[in-house]
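Q: Sending over a structure as structure tokens; questions will come in a sec.
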Amino acid sequence: MPKNKVMLRSFTILAFVSGALLTSCKSSDSPFYEYMPDMYRSAAIEPYVDYGEVRERYDANRANTISAKVPPFGTIPFFGTDMEEVMMMMPYMRRPALGMDLTHNHYGLLLAADAESEYLAAANDVNPIKLTEENAQQVLDFGKYVYVKQCQHCHGEAGDGQGPMVVSGAYSGVPNYKSLMIADGQMFYSIYYGKGLMGAHGHTVTKKEIWSIIHYIKLLQDANYGKFGEQAVEEGSEVEGADTLVVDNAAANPAQ
């Protein structure tokens with residue numbers, strides 16, 4: 001038999017045996033070997049990717065760890081060219097109270113020198129979102145939209161501190177907004193950094209969303225809040241629309 005044919009037959013047999021051996025090592029549930037992993041496993045660092053296994057190399061120390069990096073301290077995202085909104089979204093000027101690094105996970109932030117000075121000073125901070133007859137309903141709708149998602153589970157649909165988490169016994173000490181007499185800026189501080197048993201929410205809601213929530217809280221406190229002229233309801237009546245206000249999520253949430 002010619003030498004070339006012998007070599008070809010040998011390679012064919014070797015390939016067949018190798019394939020059989022490799023296949024036999026795999027279980028019936030195995031996806032088998034990856035073909036060209038470079039095409040779908042990026043060598044570059046990407047956020048939200050499990051880097052425990054990259055290019056057939058497994059590193060248990062990196063498995064199930066977050067790959068997204070925190071932006072450098074003090075940087076802010078781009079918020080467009082509307083200067084009113086840009087200024088509203090700038091880094092918060094108030095500092096968390098002394099000890100909040102331990103109680104509310106504000107590690108790495110510059111803390112105030114004491115426990116109350118920044119909170120008391122926040123009473124002078126004015127809500128930058130001004131209600132007018134033209135924008136009031138839109139702002140209040142958006143405020144409710146965020147409130148329902150972020151606050152209602154503890155503070156309750158009517159703001160009475162009887163949300164599902166409180167009723168279940170998981171949390172206690174949530175105030176009734178009717179008896180909460182603090183300034184807008186102090187509400188903002190408490191939502192942003194947290195206060196007492198309430199956790200910080202500055203990492204889950206934007207500053208614009210917090211100020212909008214505050215407008216809605218004031219509607220829960222006063223049925224006439226945000227009403228103009230004939231829109232005002234009689235004093236002492238229930239909050240108009242507190243339970244029945246229909247919110248168009250697509251219109252109320254510009255991010256959607």
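Laboratory data are not the source of any read-out in this text; all were calculated from the coordinates shown. All figures in this text were calculated on a predicted structure; none of them were measured in a lab.
Q: Considering amide H positions built from the backbone, and no H for Pro or chain starts, which residues 5 or more places from ASP125, or on another chain, come under 5 Å of its amide H?
A: GLY185
Q: Determine the alpha carbon to alpha carbon distance for each of LYS130/LYS218; LYS130/LYS195; LYS149/LYS227; LYS144/LYS195 and list only those over 20 Å.
A: Working: LYS130/LYS218 13 Å; LYS130/LYS195 26 Å; LYS149/LYS227 24 Å; LYS144/LYS195 22 Å.
Correct reply: LYS130/LYS195; LYS149/LYS227; LYS144/LYS195.
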